[in-house]
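Data block below; observations after.
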Amino acid sequence: MASPDTLAAVFDHIDANRGTFLDRLIAYLRHPSISAENIGIAEVGALLVEMLTEIGLETSLVPTDGHPMVVARWAKAPGKPTVLLYGHYDVQPPDPLDKWVSPPFEPTIRDGRIYARGVGDNKGQHFAQILAIESHLKVHGTLPCNVILLLEGEEEIGSPNIAGFVRANKAMLKADLAVTADGPRHVSGAAAIKFGSRGVVSFELRCRHAVRDVHSGNFGGVVPNPIWTLVHLLGTMKNAAGEITIAGLHDDIEAPTQEELAAIEALPLDIEAVKHSLGLTRLDAPADRPFYERLCFRPTLTINGFHGGYGGPGTKTVLPNEALVKCDIRLVDAQDPEDILRKVAAHVAEHAPEVEFVAGDAGMQPSKTPIASPYTAPLRRAFVAAQGEEPLLIPAGFGSLPGYVFTKILGIPAFVTPYANPDEANHAPNENLTLDCFYSGLRTGAALLHELGRIEAS
């Protein structure tokens with residue numbers, strides 16, 4: 001069994017190379033890799049293959065129907081667990097460029113933070129994992145456990161090919177657990193382990209009545225208004241009490257366990273500070289629903305945009321002929337995206353047959369790992385060893401990540417260990433990562449490998 005001194009030597013190596021590691025991160029961030037525009041994807045994929053091969057991993061660039069996957073492995077620890085470390089090398093487009101203080105692909109350090117597109121989401125976080133692997137190999141010539149590194153090139157466009165890739169490559173990706181370093185730490189700044197992610201589906205509601213816009217005086221009360229048609233339809237989908245009223249939508253939801261309820265009860269919360277930061281006087285209905293219960297255990301129905309009629313200055317007494325609503329639904333385990341879309345389509349057909357329902361892309365399934373997993377303890381120990389504090393336990397992440405490919409296709413527990421600061425501004429101008437978060441993430445990645453090496457493979 002590895003001794004604590006083994007990890008201490010790795011920590012010493014990390015501390016001695018902080019400047020070099022930061023320089024290498026900056027060099028990596030200078031390479032754009034925008035999946036939505038297919039800018040730099042091939043170049044960064046090739047760069048990663050070269051980098052990972054050089055540090056001692058067996059690495060390949062595996063094609064998909066879209067952007068390729070980078071798969072690297074080290075499998076020389078018989079009897080020890082295999083951890084699959086997931087990340088994504090694609091980034092969001094940097095627009096609007098005029099909102100950036102410094103250019104998005106010219107990494108800049110200001111006030112203890114590095115500013116660049118992709119530094120928090122997700123290059124800085126998976127690069128910390130890579131450097132953790134390298135540090136173990138540099139110090140000891142070996143790793144405490146077996147490692148598979150899977151870096152995707154399409155996460156920022158919804159991971160359309162990852163499920164097919166994982167199904168087709170189960171043997172290559174066979175592991176005991178999956179860990180994703182992505183997203184921000186808890187809003188309080190505390191370290192956290194997330195045990196799942198919500199899924200998501202999107203759809204549009206389109207309504208057209210007359211063949212053209214008409215005068216509201218001449219035709220108001222005669223010609224149906226598509227905006228009112230959509231307003232009334234939306235009112236049948238979610239009521240003023242905050243209840244989603246689409247038939248069957250809640251059928252498959254599993255009640256939270258006592259461990260999950262205890263975990264959210266322990267999460268720090270200053271609800272007045274949350275409201276103040278957002279300029280709110282109240283939360284969404286129902287008012288008595290606990291804050292973290294909303295985010296972990298409840299599906300949502302969100303109107304993302306409502307488009308129709310005149311929105312310019314002054315008055316225009318027009319009755320529009322068409323209108324459009326864009327919506328999304330966040331899903332909790334064990335809701336299925338295709339089933340939910342069928343139920344929404346059936347609801348629209350029943351309540352507003354004139355409205356066209358248009359499903360979005362395939363969506364993303366939710367995922368969840370029990371807090372009682374045997375791998376929870378070594379992950380917690382890793383945080384304590386690296387950061388000196390117990391991590392918060394969050395039963396389900398609030399956003400959506402493709403963790404379901406690990407829990408539902410590979411059948412293994414999957415965890416999210418965010419390294420970024422809560423105000424990382426991912427997907428926004430001036431995306432950033434504090435240097436402290438980068439270095440603590442690197443230490444946590446190293447401690448994770450060490451702690452997994454202290455147990456036997458299941």
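What the table below lists for this structure:
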| read-out | value |
| --- | --- |
| Solvent exposure, largest accessible area first (probe 1.4 Å, DNA, RNA and ligands not counted), of Val211, Val139, Val405 | Val211, Val139, Val405 |
| Calculated FRET value between Phe219 and Asp15, using beta carbons and R₀ = 51 Å, to 0.05 | 0.10 |
| Cβ charges +1 (Lys, Arg) and -1 (Asp, Glu), total dipole of segment 10-94, debye | 280 |
| Zone residues, segment 404-445, relative to Val187, backbone N less than 15 Å from point 7 Å out along Cα-to-Cβ | 422-425 |
| J(HN,Hα) series, segment 159-166, from Karplus relation 6.51 cos²θ - 1.76 cosθ + 1.60, nearest Hz, glycine and proline x | 6, x, 10, 5, 5, x, 5, 5 |
| Euclidean distance between Cα centres, segment 145-220 to segment 260-317, Å | 20 |
| Heavy-atom accessible surface of segment 255-319: percent carbon and sulfur, 1.4 Å | 55 |
| Of all DSSP beta bridges in the chain, antiparallel share, percent nearest 5 | 70 |
| Cα long-axis angle, helix 124-140 against the chain (0 to 90 degrees, to the nearest 10) | 10 |
| Simple Cβ-charge dipole of the chain, Lys/Arg +1 and Asp/Glu -1, about Cα centre, in debye nearest 20 | 80 |
| Rounded to whole Hz, the Karplus (6.51, -1.76, 1.60) HN-Hα couplings of segment 145-154, x for glycine and proline | 9, 7, 9, 10, 10, 10, 10, 9, x, 9 |
| Solvent-accessible area, 1.4 Å probe, carbon plus sulfur percent, for segment 57-172 | 51 |
| Backbone HN-Hα couplings from phi across segment 253-268 [Karplus 6.51/-1.76/1.60, Hz, Gly and Pro as x] | 5, 9, 5, x, 7, 4, 5, 5, 5, 5, 5, 6, 5, 8, 6, x |
| FRET efficiency, 1/(1 + (r/R0)^6) with R0 25 Å, evaluated for Ile39 and Glu338 via beta carbons | 0.20 |
| From the coordinates shown, semi-axes √(5λ) of the Cα gyration tensor in Å corresponds to which of (i) 43, 24, 22; (ii) 41, 25, 17; (iii) 51, 26, 22 | (i) |
| For segment 240-328: rounded, prolate or oblate by the Cα gyration tensor [a/c cutoff 1.5] | oblate |
| Square roots of 5 times each gyration tensor eigenvalue, C-alpha, segment 155-291, largest first, Å | 40, 26, 16 |
| Prolate/oblate/rounded label for segment 1-158 (Cα gyration tensor, a/c 1.5) | oblate |
| Residue order for Ser367, Ser60 - accessible surface, 1.4 angstrom probe, largest first | Ser60, Ser367 |
| Whether segment 307-458 is rounded, prolate or oblate, judged on the alpha carbon gyration tensor where a/c under 1.5 counts as rounded | oblate |
| 1.4 Å probe accessible area per residue over segment 345-450, in Å² | 34 |
| Built amide H within the under 5 Å cut-off of Val179, gap 5+ | Leu84, Leu85, Tyr86, Phe415 |
| Under 15 Å from Lys326, Cα to Cα: aspartates and glutamates that are on another chain or at least 8 residues apart | Glu204, Glu356, Asp361 |
| Value at 222 nm in deg cm²/dmol, rounded to 500, when DSSP H runs of n ≥ 4 in the chain each add -39,500 (n - 2.57) | -10000 deg cm²/dmol |
| Percent carbon-and-sulfur accessible area, segment 330-372, ignoring ligands, DNA and RNA, probe 1.4 Å | 49 |
| Alpha-carbon centroid distance for the pair segment 332-399 / segment 16-48, whole angstrom | 29 |
| Angle between the chain longest axis and helix 41-54 axis [Cα atoms, degrees, rounded to 10] | 20 |
| P(r) tail fraction, segment 91-196 - alpha-carbon pairs more than 24 Å apart, % | 41 |
| Solvent exposure of segment 24-124 as accessible area per residue, Å², 1.4 Å probe | 42 |
| Solvent-accessible surface ranking, highest first, for Asp213, Asp288, Asp23 at 1.4 angstrom | Asp288, Asp23, Asp213 |
| Listed residue pairs exceeding 20 Å between alpha carbons, taken from Lys194/Lys368; Lys76/Lys138; Lys170/Lys408; Lys174/Lys408; Lys80/Lys194 | Lys80/Lys194 |
| Using alpha-carbon coordinates, inclination of helix 226-237 to the longest axis of the chain, degrees | 60 |
| Rounded to the nearest 20 debye, dipole of segment 349-458 from Cβ charges on Lys, Arg, Asp, Glu | 680 |
| The chain, relative contact order in percent, only Cα pairs under 8 angstrom and at least six apart counted | 27 |
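The values are calculated or read from the model by the stated rules, or taken from the named source; none is laboratory data. As the structure is a prediction and not an experimental result, all values here were calculated from the model. Methodologically, a virtual Cβ is constructed for each residue, glycine included, from the backbone with ideal geometry; neighbour enumeration extends over all protein chains shown. Please note that ligands, DNA and RNA were not included when accessible areas were found on the heavy atoms of the full protein model with its side chains. Shrake-Rupley method; radii C 1.70, N 1.55, O 1.52, S 1.80 Å.
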